[in-house]
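For reference, the structure is listed below as structure tokens.
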Amino acid sequence: MESLEEIKTRVEAAVPGADISIIPNPGPANQPSLLIDNEHAPHVARFLRDDPALRLDHCSNVTGVDWLDRTVTKKVKVKKLVEGEEKEVEETHEEFFPGYLESVYHLYSMALKQGPVIIRMRTADRGEGARLPSLTPVYRSADFQEREIFDLYGIRFDGHPDLRRILMWDEFEDYPMRKDYREPDDYEYEPTPHDDVLEKAKQHYSTRPQLDGAEELTAQE
Amino acid sequence: MTPNPYFFIVIFVGVAVVFPLMPLGLAWLWRHFFQPPKPGAQKNATYECGVESLGEAHVQFQSQYYLYCIIFLIFDVEAVFLVPFAVAFTGLPVGAFVAILIFLLLLIEGLVWAWSKGCLSWAREKSVE
Amino acid sequence: MSEQIDEGLKSELQKQGIWVTSTQELYNWGRRNSIWPLQFGLACCAIEMIATAASRYDLARFGGEVFRPSPRQADLMIVAGTVTKKMAPQIVRLYNQMPDPKYVISMGACAISGGPFKQGYNVLKGIDRYIPVDVYIPGCPPRPEALLHAFMELQRKIDGQKLTGENKAAHLDRAQPSEFPVPAFGAHDLEPPSNLDLFRPPQIERV
């Protein structure tokens with residue numbers, strides 16, 4: 001199969017205006033992916049599916065990824081004039097990266113027995129702008145998986161034929177696979193609480209001490 | 001003295017009535033003395049799959065469905081006649097062959113008529129005028 | 001009927017060829033030897049339950065082979081597997097639709113407490129939050145022998161149930177409920193998260 005760079009140039013030639021960049025994957029899997037802008041994603045997907053050299057006719061997997069807001073502090077050495085002398089001074093820069101949600105599609109070709117080509121799309125933010133174009137009109141098998149991402153991550157897929165919750169009940173309001181999801185406090189007795197569970201236990205006992213005999217635990221801590 | 005021959009039937013009827021009534025009566029007595037009935041809204045609910053029932057229980061079938069059934073019946077009967085005919089085909093005179101051809105022709109004519117009336121297309125928006 | 005027959009007298013009579021019993025014994029004997037389970041499985045434990053009912057382990061030896069597809073004809077609910085929060089109302093509704101007397105075996109770690117999924121977002125932390133459980137079997141999944149053991153324990157329990165008196169069986173007591181409230185799907189969790197009349201989280205005792 002041709003390299004990702006070649007695919008990128010060919011896609012950009014075929015879909016005018018498409019903004020595509022290659023996301024490297026430095027891990028042991030070494031599966032770089034194509035980041036596609038939301039507006040042209042269905043066209044790009046249709047090109048990948050129908051192109052005679054690629055024929056990526058099988059969408060095997062759709063995944064959601066949650067990226068939280070993060071701030072990266074960098075120390076930069078800057079030359080400055082201090083008391084008439086030029087000195088190197090370290091300055092700390094805080095850079096803020098807003099969070100976003102991603103959906104990742106793994107595409108294979110059944111006809112040519114090649115793949116995967118991984119494409120991904122990013123939402124504008126994690127709140128109201130968590131919208132992506134649906135690739136279900138292109139890949140029928142993405143239907144349930146996009147519904148699952150909608151259910152667990154809260155990405156709205158525009159153009160999806162039947163966007164409902166699939167695993168949780170319809171009345172459910174949270175998105176449980178998001179990193180900042182807090183499950184309801186129905187903690188109960190745990191014989192050996194540790195790490196996250198211990199944290200949960202402490203919070204639980206501060207809110208509902210009357211139920212579980214928490215006096216001993218708080219006294220002990 | 002020999003008993004009336006119908007006497008045994010009277011005994012039979014008596015046993016036939018008592019036999020099913022006895023366990024019912026025992027169950028009634030058991031309920032009365034030991035086990036109080038505990039009916040409830042969910043226990044008496046009609047649907048028993050654990051899911052709450054939705055909508056109407058009375059589903060109306062399209063009249064189309066019955067037409068379909070009748071047309072199917074025609075071919076069913078046709079198969080009933082054709083199978084023995086096919087089995088005994090070699091030993092039959094020409095007259096029988098002609099007769100079964102006429103029979104088939106009648107059925108095909110009926111099918112063509114039903115087809116032209118639109119009976120074979122399922123779930124039409126409007127019925128044929 | 002509350003008067004028990006003297007055991008010595010009973011065995012003495014039996015030696016003479018006279019078999020005496022009480023209504024209570026006869027009633028419990030009949031009930032414990034034909035326990036019909038409700039036919040449903042929730043997860044992997046159901047495979048073990050099927051194996052128990054099949055020829056090698058043969059639940060029929062204990063009178064429990066007649067798995068009923070309708071709750072109206074079932075005596076026993078074997079909660080075999082993970083109970084998700086989406087499934088819990090259906091389980092409770094099925095339990096409510098079973099006629100009295102009815103029993104529940106909570107089979108496997110998930111049905112007891114949520115098991116390995118206890119800290120997850122969508123698994124009920126034990127079916128005993130909503131319906132009364134008679135026998136708990138630990139294991140992930142429990143072997144068919146464990147289910148047979150639970151079945152025999154249940155038979156022992158049925159055998160000991162009183163027909164009259166203060167502590168008579170729950171289904172004979174007019175005051176004991178036969179239906180339990182079905183939890184509703186809430187915005188964040190099931191409403192209520194547990195039936196507090198039935199379920200109290202265990203107390204922590206630390207020395």
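The values are calculated or read from the model by the stated rules, or taken from the named source; none is laboratory data. Since the model is a prediction, treat every value here as computed from it, not as a measurement. FYI the Cβ positions are ideal-geometry reconstructions off the backbone, even for glycines, and counts take in every protein chain you see. Calculation scope for accessible area: heavy atoms of the full protein, side chains included, ligands and nucleic acids excluded. Shrake-Rupley method; radii C 1.70, N 1.55, O 1.52, S 1.80 Å.
Of all residues in segment A:57-98, how many are of a type outside the set (Asp, Glu), part of a strand (DSSP E or B) and within 34 Å of the chain's Cα centre (by Cα)? Don't jump to the end; show me each part of the working.
First pass over segment A:57-98, keeping only residues of a type outside the set (Asp, Glu): A:58-65, A:67-68, A:70-82, A:84, A:87, A:89, A:92-93, A:96-98.
Among the residues that remain, those that are also part of a strand (DSSP E or B) are: A:58-65, A:67, A:70-82, A:87, A:89, A:92-93, A:96-97.
Okay, now just the ones that are also within 34 Å of the chain's Cα centre (by Cα), so A:58-65, A:67, A:70-77, A:92-93, A:96-97.
Total meeting the criteria: 21.
Condition first: touching a Phe, Trp or Tyr at 6+ places or on another chain (Cβ under 7 Å) and in a helix (DSSP H, G or I). Now tell me which residues in segment A:143-191 satisfy that.
The answer is A:Glu146, A:Phe150, A:Leu152, A:Tyr153.
What's the number of the condition C:Lys86 fails, among (1) outside any loop (DSSP other than H, G, I, E, B); (2) within 14 Å of chain B (Cβ to nearest Cβ); (3) open to solvent by 10 Å² or more (accessible area, probe 1.4 Å)?
Here C:Lys86 clears every test but (1).
Name the single residue, out of those in segment A:99-137 being polar (S, T, N, Q) and part of a loop (DSSP other than H, G, I, E, B), that is nearest to the chain's Cα centre (by Cα). Spell out the reasoning first.
Residues of segment A:99-137 polar (S, T, N, Q): A:103, A:109, A:114, A:123, A:134, A:136.
From what's left, part of a loop (DSSP other than H, G, I, E, B): A:123, A:134, A:136.
Values: A:Thr123: 9, A:Ser134: 16, A:Thr136: 19 Å.
Among those that are polar (S, T, N, Q) and part of a loop (DSSP other than H, G, I, E, B), it is A:Thr123.
Take the residues in segment C:139-163 that are part of a loop (DSSP other than H, G, I, E, B) and surrounded by 14 or more Cβ atoms within 10 Å (Cβ to Cβ); name whichever of them is nearest to the other protein chains (Cβ to nearest Cβ).
Going through segment C:139-163, the residues part of a loop (DSSP other than H, G, I, E, B) turn out to be C:139-143, C:160-161, C:163.
If we keep only those that are surrounded by 14 or more Cβ atoms within 10 Å (Cβ to Cβ) as well, we get C:139, C:141-143, C:161, C:163.
Details: C:Gly139: 18, C:Pro141: 21, C:Pro142: 20, C:Arg143: 24, C:Gln161: 12, C:Leu163: 6 Å.
If we take residues in segment C:139-163 being part of a loop (DSSP other than H, G, I, E, B) and surrounded by 14 or more Cβ atoms within 10 Å (Cβ to Cβ), then C:Leu163 is nearest to the other protein chains (Cβ to nearest Cβ).
Take C:Ser34 and decide whether it is in contact with a Gly (Cβ under 9 Å, 6 or more places away or on another chain), open to solvent by 10 Å² or more (accessible area, probe 1.4 Å), closer than 29 Å to C:Gly165 by Cβ and at pLDDT below 95. So that I can check it myself, show each step before the final result.
Details: in contact with a Gly (Cβ under 9 Å, 6 or more places away or on another chain): yes; open to solvent by 10 Å² or more (accessible area, probe 1.4 Å): yes; closer than 29 Å to C:Gly165 by Cβ: yes; at pLDDT below 95: yes.
Yes: the conditions hold for C:Ser34.
Kindly provide the set of residues from segment C:171-202 that are within 14 Å of chain B (Cβ to nearest Cβ) and open to solvent by less than 20 Å² (accessible area, probe 1.4 Å), ordered by number.
Taking segment C:171-202 and keeping what is within 14 Å of chain B (Cβ to nearest Cβ), we get C:171-185.
Correct list: C:His171, C:Leu172, C:Ser178, C:Pro183.
Is it true that some residue in segment C:94-114 is at pLDDT below 90, away from chain B (no Cβ under 14 Å) and not in a loop (DSSP other than H, G, I, E, B)?
yes
Within the set of pairs 6 or more residues apart or between chains, which connect a residue that is at the interface with another protein chain (Cβ under 7 Å from one of its Cβ atoms) and open to solvent by 40 Å² or more (accessible area, probe 1.4 Å) inside segment A:166-184 to a residue that is at pLDDT below 90 and not in a loop (DSSP other than H, G, I, E, B) with Cβ atoms less than 9 Å apart?
Once the first residue is at the interface with another protein chain (Cβ under 7 Å from one of its Cβ atoms) and open to solvent by 40 Å² or more (accessible area, probe 1.4 Å) and sits in segment A:166-184, its partners that are at pLDDT below 90 and not in a loop (DSSP other than H, G, I, E, B) give A:Glu183/A:Lys200.
Residue under question is C:Glu65, and the condition is that it be modelled with pLDDT under 90 and not in a helix (DSSP H, G or I); does it hold?
Details: modelled with pLDDT under 90: yes; not in a helix (DSSP H, G or I): yes.
Spelling it out, C:Glu65 is indeed modelled with pLDDT under 90 and not in a helix (DSSP H, G or I).
Residues of segment B:32-65 being among the charged types (D, E, K, R) and over 32 Å from the mean Cα position of the chain (by Cα), which ones? Don't jump to the end; show me each part of the working.
From segment B:32-65, those among the charged types (D, E, K, R) are B:38, B:43, B:48, B:52, B:56; that's our starting set.
If the condition is that a residue be among the charged types (D, E, K, R) and over 32 Å from the mean Cα position of the chain (by Cα), then B:Lys38 is the only one that fits.
Restricting attention to segment A:15-31, which residues are open to solvent by less than 50 Å² (accessible area, probe 1.4 Å) and either in contact (Cβ under 8 Å) with a residue 12 or more places away in the chain or in contact with a strand residue (DSSP E or B) (Cβ under 8 Å, 6 or more places away or on another chain) (or both)?
Kept after step one, since they are open to solvent by less than 50 Å² (accessible area, probe 1.4 Å), are these residues of segment A:15-31: A:15, A:18, A:20-21, A:23, A:27.
A:Val15, A:Ala18, A:Ile20, A:Ser21, A:Ile23 - these are the residues of segment A:15-31 that are open to solvent by less than 50 Å² (accessible area, probe 1.4 Å) and either in contact (Cβ under 8 Å) with a residue 12 or more places away in the chain or in contact with a strand residue (DSSP E or B) (Cβ under 8 Å, 6 or more places away or on another chain) (or both).
If C:Arg56 meets every condition in (1) more than 21 Å from C:Ser178 (Cα to Cα); (2) in a loop (DSSP other than H, G, I, E, B); (3) open to solvent by less than 60 Å² (accessible area, probe 1.4 Å) apart from one, which number is that one?
It fails just one condition, (3).
Of the residues A:Gly99, A:Gly127, only one is of a type in the set (Gly, Ala, Ser), over 25 Å from A:Pro24 (Cβ atoms) and free of Cβ contacts under 8 Å to residues at least 60 places away in the same chain; which? Steps first, answer last, please.
Numbers: A:Gly99 fails: over 25 Å from A:Pro24 (Cβ atoms).
It is A:Gly127.
Scan A:Glu83, A:Glu91 and give me the residue that is surrounded by fewer than 17 Cβ atoms within 10 Å (Cβ to Cβ), outside the structural domain of A:Asp151 (by TED's automatic domain parsing) and in contact with a Lys or Arg (Cβ under 9 Å, 6 or more places away or on another chain). Can you show your working first?
Details: A:Glu83 fails: in contact with a Lys or Arg (Cβ under 9 Å, 6 or more places away or on another chain).
The unique qualifying residue is A:Glu91.
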